[in-house]
């Protein structure tokens with residue numbers, strides 16, 4: 001039997017857990033939150049969760065068929081379909097949930113290559129899309145402990161959420177205990193803080209998520225809320241209202257920790273958690289909606305590959321520290337030698353000594369009389385003894 005080799009980027013983790021087991025743990029952790037939503041809002045909350053899970057699963061299979069690929073049963077569409085209704089009110093129309101699921105699958109997952117290749121969190125993008133299209137439905141929350149019709153238009157009484165009161169600078173009408181137990185109105189999966197935190201701790205114990213991400217997000221966010229409270233009164237009370245309202249705790253455990261869109265290394269998770277806390281704080285304080293977690297998460301997903309690249313570079317340097325330092329020294333030496341070779345050669349030319357002045361030669365004037373006259377040639381008689389005289393003449 002031939003084995004198929006898979007080429008993937010680092011880091012490579014070898015352990016007994018698989019994607020299916022991890023996603024199963026997440027589904028198990030979401031079930032108690034749905035049970036609390038059923039307790040406070042009735043059976044409609046369960047039907048909304050079932051509608052989201054089925055819709056995302058069917059759309060994922062349809063997308064794989066359109067791409068002519070074999071559908072992979074990885075349970076991630078089910079988790080996306082379960083998270084989206086928990087971010088919405090319990091009386092939200094079904095078409096809003098279906099629209100959010102369609103955006104999450106056909107806009108975020110399928111175009112980027114399916115499971116494991118999406119750049120953004122699908123549930124966050126799906127929620128943000130319907131929040132922009134139907135804000136009057138997404139941010140209208142029914143009061144708790146009243147039955148909501150399973151089908152048809154809801155006639156439940158509408159209440160003001162603590163997050164909306166904080167955005168106006170007012171103290172919410174509910175105390176901290178109501179927010180911990182889920183009695184305050186809000187998204188049907190994010191109001192019961194104790195249950196959400198317990199489910200998050202369950203995921204950490206099962207090692208389905210890393211504890212660094214939620215802790216590095218919640219601690220800086222709490223410090224920022226203490227330093228810059230939006231309401232008066234006790235600083236601890238203001239902190240609890242800021243931390244327990246909206247989807248801060250739910251998003252820290254179930255959305256910020258998504259393995260695909262979060263950094264892979266621990267140091268990258270730490271950087272992502274701290275930076276996400278700052279961005280969520282800014283979105284909640286200065287954003288257009290009272291729940292800015294999803295919008296801030298979409299922005300921070302862009303920086304996850306950058307955090308991974310920084311961590312890989314730091315690890316590479318630390319592992320090859322000696323060779324890296326030696327290469328730097330060698331390169332510095334080569335550059336120094338090259339600069340010395342490129343320096344211009346300066347030749348020193350000594351100035352030639354000036355010739356010594358010759359002594360002046362005194363000249364005396366000589367008169368013409370003192371000049372000796374030239375001897376006139378003697379006349380030779382060639383008449384007699386011509387031969388002898390010729391010889392003499394020649395000698396002369």
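Bear in mind that the values in this text are calculations on the coordinates, not laboratory data. Because the structure is a prediction, the values reported are computed rather than measured. Neighbour counts are summed over all protein chains in view; Cβ atoms, including those assigned to glycine, are modelled from backbone coordinates with ideal geometry.
When each of 109, 329 is scored by the number of other beta-carbon atoms lying within 10 Å, the sequence from fewest to most is 329, 109. Shape class of the range 19-318 from the Cα gyration tensor (axes a ≥ b ≥ c, square roots of the eigenvalues): oblate, since a/c reaches 1.5 or more and a/b does not exceed b/c. Here the peptides 79-85, 234-240 are ranked by packing, the mean other Cβ count within 10 Å, and the order with the highest first is 79-85, 234-240. Hey, quick one: spin label on residue 137, modelled 7 Å out along Cα-Cβ, who in the range 82-103 has an amide N within reach, i.e. under 12 Å? Flagged as within label range: 89, 91-101.
Would you please classify the overall shape of the range 136-258 from the alpha carbon gyration tensor, given that a ≥ b ≥ c denote the square roots of the eigenvalues, rounded means a/c under 1.5, and beyond that prolate means a/b larger than b/c while oblate covers the rest? Write out the running numbers ahead of the final one.
Numbers: a/c = 2.20, a/b = 1.20, b/c = 1.84.
It comes out oblate by the Cα gyration axes.
According to the square roots a ≥ b ≥ c of the eigenvalues of the Cα gyration tensor, what is the shape class of the range 101-140, taking rounded for a/c under 1.5, prolate for a/b larger than b/c otherwise, and oblate for the remainder? Prolate. With neighbour counts taken as other beta-carbon atoms within 10 Å, the residues 260, 20, 125 rank, fewest first, as 20, 260, 125.
If I take R0 = 45 Å and measure r between the Cβ atoms of residue 147 and residue 312 in this structure, what FRET efficiency does the formula 1/(1 + (r/R0)^6) give, to the nearest 0.05? Present the calculation step by step, with values, prior to reporting the outcome.
Details: r = 54 Å, r/R0 = 1.19.
Efficiency, from the Cβ-Cβ distance: 0.25.
The length gained by stretching the chain between residue 119 and residue 177 to full extension, at 0.36 nm per residue less their Cα-Cα distance, is 17.1 nm.
A protection proxy built from the mean count of other Cβ atoms within 10 Å ranks the segments 142-154, 275-287, most packed first, as 275-287, 142-154. Ranking of 68, 335 by neighbouring Cβ atoms within 10 Å, starting from the fewest: 68, 335. As a length-normalised measure over Cα pairs under 8 Å and 6 or more apart, the relative contact order of the range 19-318 settles at 18 percent.
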